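Here is the structure we will look at, set down as structure tokens.
The values are calculated or read from the model by the stated rules, or taken from the named source; none is laboratory data. All figures in this text were calculated on a predicted structure; none of them were measured in a lab. All Cβ positions, glycine included, derive from the backbone under ideal geometry; neighbour counts span all protein chains shown. Note: areas computed on protein heavy atoms with side chains; ligands, DNA, RNA excluded. Shrake-Rupley method; radii C 1.70, N 1.55, O 1.52, S 1.80 Å.
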Amino acid sequence: MEIRKAVLDDYESIVFIDSQVIGSRKRENEIHNSIEENRCIVCEINKSIGGFLIFHRFFFGHLFIDLIIVSPRMRRLGIARNLMKYIERIGERKVFSSTNQSNSLMQNVLYSLGYIESGTIENLDEGDPEIVFVEVIH
């Protein structure tokens, strides 16, 4: 398992994985921009991309993990966990992320890595509040 910054050659593989999970290519521009801006990290297993993470630093000046997607055929291999651990090592004091209240799998990943709840945002997805999490790096 290799975690590294995405390059433009990874673009189609990343968009394919994303479209498998959400059923469309609607985020392809966001993915392309994140690769060009060095804000996309991939996990490669046996020369195949198994998942990716997109982050930014626009959350009140802090690093925010915006998106983590793992290929359906490569789940339960620790890809999300390893992507998050990689991003935690880039030198920020706090790392934020969020997930819907209905996404118990992602909540379990966040809790297992020591993230704590930092608040809730209502009205993003009707009837499914967004829970914000933070990890304070010591």
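Shown are TYR11, TYR111, whose ranking by accessible area with a 1.4 Å probe and every protein chain present, most to least, is TYR111, TYR11. Across every pair of non-identical alpha carbons in the stretch 1-69, the mean reciprocal distance, once inverted, gives a Kirkwood radius of 12.1 Å. Within the accessible surface of the chain, defined with a 1.4 Å probe on protein heavy atoms only, the carbon and sulfur portion equals 47 percent. Rounded to the nearest 20 debye, the dipole size of the chain about its Cα centre is 560 debye, using +1 on the Cβ of Lys and Arg and -1 on the Cβ of Asp and Glu.
Largest to smallest in accessible area, the residues ASP128, ASP18 fall in the order ASP128, ASP18 (1.4 Å probe, all protein chains included).
Quote the FRET efficiency, to the nearest 0.05, computed for ARG25 versus ASN46 with a Förster distance R0 of 25 Å and r equal to the Cβ-Cβ distance.
0.50
For the set VAL15, VAL109, the ranking by accessible area, highest first and with no ligand, DNA or RNA atoms included, is VAL109, VAL15 under a 1.4 Å probe. Here's how it looks for LEU63: its modeled amide H is under 5 Å from those of LYS94, PHE96, which are all 5 or more places away or on a different chain. Each principal axis of the Cα cloud of the stretch 82-121 was taken in turn, and the coordinate range along them, longest first, works out to 30, 20, 13 Å. Counting charges near SER13 (Lys, Arg +1; Asp, Glu -1) among other residues having Cβ under 15 Å from its Cβ returns a value of -1.
The trypsin sites (Lys or Arg not before Pro) of the stretch 48-125 that DSSP puts in a loop, and whose beta carbon has at most 16 other beta carbons within 10 Å, are ARG75, ARG76, ARG89, ARG93.
Please name whichever of ILE45, PHE133, ASN108 sits farthest to the positive end of the charge dipole of the chain, dipole taken about the Cα centre and charges placed at Cβ: Lys and Arg +1, Asp and Glu -1. Checking the options against the dipole of the chain, the answer is ILE45.
Would you mind pulling out the separation of the Cα centroids of the stretch 38-81 and the stretch 2-29, in Å? A separation of 10 Å, based on Cα centres. Normalise the Cα radius of gyration of the stretch 33-138 by 2.2 N^0.38 Å (N = residues in it) and let me know the number. Normalised by 2.2 N^0.38 Å, the Cα Rg of the stretch 33-138 equals 1.06.
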